[in-house]
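K.L.:
Sending over a structure as structure tokens; questions will come in a sec.
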Amino acid sequence: MTVLVTGATGRVGRGVVAELLRAGVRVRALTRRPESAGLPEGAEVVRGDLENPESLAEALKGVERMYLFPVAETAREVVAMARRAGVRRIVVLSGALAEEEADDEEGGYRAVEVAVQESGLEWTLARPSEFAANWLDYAADIRDKREVRRPFGEAVTRPTHEADIALVAARALVEEGHAGQIYVLAGPEALTVAEQVRLIGEAIGEEVRFVELTPEQARAEWYDPEQGVDHEVIDWLLDLYGTSAGGSGRVPGSDTFERLTGRPPTSFARWAADHAHDFR
């Protein structure tokens, strides 16, 4: 059995490659830049880009199962190509908020889910809540200033370790019994933003200050249209953070990971320790 891993150099994709290799599966890893992929020995690294579906033609040959990184704009074309090539099972990296998107909404996670669900192939959806790895976006500020500037310090999330997501995705690819399942994944603890900053500080052995911004300050500091962070994106983030401030919002959580693996999900403190080098 050959499994194609798209987005193989991503934060979750790397883990999926490693888990599949440990399971003794032939892995074909798709990346835009094979020469700098740095993937584990044993993976067949091939060039391709989900934004250019035609580039996947060679990579799909002989593939039975596929891990699909979500690119909404080309999802239907990529899934159709996979089916014609003989792929029988697709596991989709999605997000817990996908359930709030309309099926016909352009972009987002749900568009990718629908493309796979309507394909006639076996499918499994992995829906993590907030990715713990989102904190890596603040790594430069933590390294340089030992500081995090964000609004809504009391916003509550259950950050999910990317290794947990990868393990569930890999099991859904190689094991039977996962077809048609939607797996919501979450960390074991509901933590405020301020608590998460404190735990990062503990992991690196130094205090990291949390500076709480007002929404107006966040709008001014975050605005960067060249990086795709426009007013619409900022308003969406502020709404997302604001609704969970003080624990008032819905925090996705489930026993899915423990049920599938036999152990609790990985704590945020463990995630911070695993990534301490990124913040030092």
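What follows is calculated from the coordinates using simple rules that are stated; it is not laboratory data. The shown structure was predicted, so the numbers you read here are calculated from the model rather than taken from an experiment. All Cβ positions, even for glycine, are placed from backbone atoms using ideal geometry, and neighbour counts span all protein chains on display.
K.L.:
In whole Hz, what ³J(HN,Hα) sequence does segment 174-180 give by Karplus (6.51, -1.76, 1.60; θ = phi - 60°), x for Gly and Pro?
P.N.:
Each residue's phi maps through the Karplus curve to give 9, 9, 8, x, 10, 5, x Hz.
K.L.:
Find how much the distance from ALA273 to GLU195 grows on full extension, using 0.36 nm per residue of separation minus their present alpha carbon separation; answer in nm with one decimal. Please report the intermediate quantities before stating the final value.
P.N.:
Numbers: separation 78, 0.36 × 78 = 28.08 nm, distance 1.46 nm.
Between ALA273 and GLU195, full extension yields an extra 26.6 nm.
K.L.:
Net charge within 15 Å of ALA57 by Cβ-Cβ distance, Lys/Arg positive one each and Asp/Glu negative one each, not counting ALA57 itself? Walk me through the numbers on the way to the answer.
P.N.:
Values: positive: ARG28, ARG47, LYS61, ARG83, ARG84; negative: ASP49, GLU51, GLU54, GLU58, GLU77.
Result for the neighbourhood of ALA57: 0.
K.L.:
Roughly speaking, what is the stretch gain from GLU44 to ARG209, that is 0.36 nm per residue apart minus the C-alpha to C-alpha distance, in nm to one decimal? Write out the running numbers ahead of the final one.
P.N.:
On the way: separation 165, 0.36 × 165 = 59.40 nm, distance 4.33 nm.
Fully extending the segment from GLU44 to ARG209 adds 55.1 nm.
K.L.:
Now, a different point. Using the Cβ atoms and a cut-off under 11 Å, what net charge is assigned to the surroundings of TYR67, where Lys and Arg are +1 and Asp and Glu are -1? Numbers along the way, then the final one.
P.N.:
Working: positive: ARG28, ARG65, ARG89; negative: GLU19.
Every neighbour counted, the sum reads +2.
K.L.:
Which whole-number percentage describes the relative contact order of segment 2-128, with Cα contacts under 8 Å and a sequence gap of 6 or more? Intermediate results must be reported in sequence, preceding the final value.
P.N.:
Values: 245 pairs, mean separation 26.6, N = 127.
Contact order relative to length: 21 percent.
K.L.:
Select from PRO225, PRO188, PRO128 the residue whose mean-square fluctuation is largest in a Gaussian network model of the chain (Cα-Cα springs shorter than 10 Å).
P.N.:
In the Gaussian network model the winner is PRO225.
K.L.:
Once both labels are modelled 7 Å past Cα along the beta-carbon direction, what's the ALA140-GLU226 spacing in nm?
P.N.:
In this crude label model, ALA140 to GLU226 measures out at 1.1 nm.
K.L.:
Sticking with the crude label model, points 7 Å out along Cα→Cβ, report the distance from TRP236 to GLU73 in nm, one decimal please.
P.N.:
Inter-label distance under the simple model: 1.4 nm.
K.L.:
Top mean-square fluctuation among GLY86, GLY187, GLY48, Gaussian network model of the chain, C-alpha springs under 10 Å?
P.N.:
GLY86
K.L.:
Sticking with this structure for a sec: Using only the Cα atoms of segment 2-128, construct the convex hull and provide its projected area averaged over every direction, in square nanometres to one decimal. Mind dumping the intermediate values first?
P.N.:
Working: hull surface 28.2 nm².
The number I arrive at for segment 2-128 is 7.0 nm².
K.L.:
Tell me the Kirkwood hydrodynamic radius of segment 165-250 in angstroms, computed as one over the mean inverse distance between distinct C-alpha pairs.
P.N.:
Details: mean 1/r = 0.0607 Å⁻¹.
By the Kirkwood definition, the hydrodynamic radius is 16.5 Å.
K.L.:
With axes computed from alpha carbons, what is the tilt in degrees of helix 13-22 against the longest principal axis of the chain, rounded to the nearest 10 within 0 to 90?
P.N.:
50 degrees
K.L.:
Still on this structure, please answer the following. Could you give the length gained by full extension between ASP255 and SER36, i.e. 0.36 nm per residue of separation minus their alpha carbon distance, to one decimal place? Before the final figure, lay out the partial values.
P.N.:
Working: separation 219, 0.36 × 219 = 78.84 nm, distance 3.70 nm.
Between ASP255 and SER36, full extension yields an extra 75.1 nm.
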